[in-house]
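One structure is given here, and the rest of the page talks about it.
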Amino acid sequence: TRMPLTIWAFFVTAILGVLSFPVLLSAALLLIMDRLMGTSFYLSDIIVGGEMLTNHGGSPILYQHLFWFLGHPEVYIVLLPALGLSSEIIATNARKPIFGYKAMIGSILAIGFLSFIVWGHHMFVTGMNPFLGSVFVFTTLLIAIPSAVKVFNYLTTLWKGSLVLTPAMLFAIGLVSTFITGGVTGIILADSALDIMMHDTYFVVAHFHIVMGMSAVFGMFGGVYHWFPKMFGRMMNKSLGYIHFWFTFVGVYMVFFPMHYIGIAGFPRRYYTFTALGNDSMAAFTDMNMFISIAAIITFGAQAIFAWNFFYSIFKGKIAPANPWKSNTLEWTTPINPEHGNWPGEIPAVYRWPYDYSKPGAPDDFIPQNVPHSATLESNLPEENAEIAREKDIEGLLGAQNESYTH
């Protein structure tokens, strides 16, 4: 319980990758064997040179099962790091402790576990047994609970906080917005009866890309803006960061909101053209589709602002102070250009959790993790509490020593 939520998210993401990617490799190996060795894992009837081979019994649905067994954990492999980055950014710039720290850890662990038992919601129209479909409906709706825990804890952390609206903070808030928007449409697609109507329409395209694609991208941008001073020792241009955010945020909704509406109307995905169908059934979507395309081009073009800001700031940006955001985590205690091992001399002891912001009785509104409890409490509280603080210091120091022995 001394680790930042960023590290918890990275840790669970690593577990997901270790467990899910070998399944995709297995699927690919079986496909190679079907293509090159005449096996029939996926193909039921195989014709070579005009003659039917004797082996049969394969199922193309098996490939979908193996692919989506990777495919849904992969969504959280992309999304969980962004949620972890945003947790750190929101707490730091709200100048408040993250709300529900242990609940946030539990939600990360729950999302990691549940992500392995929901893959079938991608396959409702494959002809699977309706009872099996109902099981995947249940598990998919269940994974909305830890996701909602994260959203409500983000909102509660922001509530009545002393918000510092840096570009990183704006992108983190943007992540919360897109995560909510995409999550609501995910509940619709989790219902097998509704999914049959929406499957392979632009509604699915809009849901997937706004909840996974854009939330992950917003988290990445927020992380870059937040940790850029630690990476390069310089500050990114804040004004360009604001321009980049608003172009991206508004552009994303201009792209994906209309997609939801035309998807509900039946606009199919994966068609490269609609004008060659020989009827007027798709003519009503032409203007909206063009609007989406123009919005997407503008939004993508706005990323040149970020690229310029990033590379220019590496060489010409304002020199960054050691801890520009007044953050508590250990990386801000390292030198600007750390040597091997990050810290010269001994590794610092960790005495406290990483979210001691605006703590009553403390001289500053942030207390780094390597500051002992007695340094902030002993002079301000009664002797019995000061004694507790000294005991916590000893526990923290022993814990740090044990960790170093383990290493």
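Computed values, structure above
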read-out: Difference of contour (0.36 nm per residue) and Cα-Cα distance, Asp200 to Leu163; value: 9.2 nm
read-out: Qualifying trypsin sites (Lys or Arg not before Pro) for segment 262-332 [loop in DSSP, other Cβ within 10 Å: at most 10]; value: Arg270
read-out: With all protein chains modelled, accessible area of Trp353 [1.4 Å, Å²]; value: 70 Å²
read-out: Binned Cα-Cα distances of segment 216-281, short to long, each 10 Å bin given as a whole percent; value: 16, 31, 21, 17, 12, 3
read-out: For segment 60-128, convex hull of alpha carbons as volume per residue, Å³; value: 85 Å³
read-out: Histogram of C-alpha separations across the chain, 20 Å bin width, %; value: 22, 48, 25, 5, 0
read-out: Reciprocal of mean inverse Cα separation for segment 126-254 (Kirkwood radius, Å); value: 16.6 Å
read-out: Principal-axis tilt of helix 238-264 within the chain, Cα atoms, nearest 10 degrees; value: 30 degrees
read-out: Isotropically averaged projected area of segment 1-143, using the convex hull of Cα atoms (one quarter of hull area), nm²; value: 10.9 nm²
read-out: Helix-only [θ]222 nm of the chain, DSSP H runs n ≥ 4, -39500 (n - 2.57) each, per residue, nearest 500; value: -21000 deg cm²/dmol
read-out: Sequence ranges 112-122, 15-25, 171-181, ranked by mean other-Cβ count within 10 angstrom, highest first; value: 171-181, 112-122, 15-25
read-out: On Cα atoms only, tilt of 60-94 relative to the major axis of the chain in degrees; value: 30 degrees
read-out: Solvent-accessible area of Phe41 with every protein chain in place, 1.4 Å probe, in Å² to the nearest 10; value: 80 Å²
read-out: Ile347 versus Val135: modelled label distance in nm, points set 7 Å from Cα along the beta carbon direction; value: 4.3 nm
read-out: Å³ per residue enclosed by the Cα convex hull of segment 258-377; value: 227 Å³
read-out: Tilt relative to the chain, helix 167-190 - C-alpha long axis, 0 to 90 degrees, to 10; value: 40 degrees
read-out: Per-residue SASA entry for Met52, accessible area with 1.4 Å probe, Å² rounded to 10; value: 110 Å²
read-out: With at most 12 neighbouring Cβ atoms within 10 Å, loop GluC sites (Glu not before Pro) (DSSP) excluded, longest segment of the chain; value: 1-338
read-out: Radius ratio Rg over Rh of segment 187-305, counting only Cα atoms, Kirkwood formula for Rh; value: 1.09
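The values are calculated or read from the model by the stated rules, or taken from the named source; none is laboratory data. Given the structure is predicted, the values throughout are model-derived calculations rather than measurements. Because the Cβ atoms are built from the backbone with ideal geometry, glycine has one as well, and the counts that use them run over all protein chains shown. Only protein heavy atoms, including side chains, enter the accessible area calculation; ligands, DNA and RNA are left aside. Shrake-Rupley method; radii C 1.70, N 1.55, O 1.52, S 1.80 Å.
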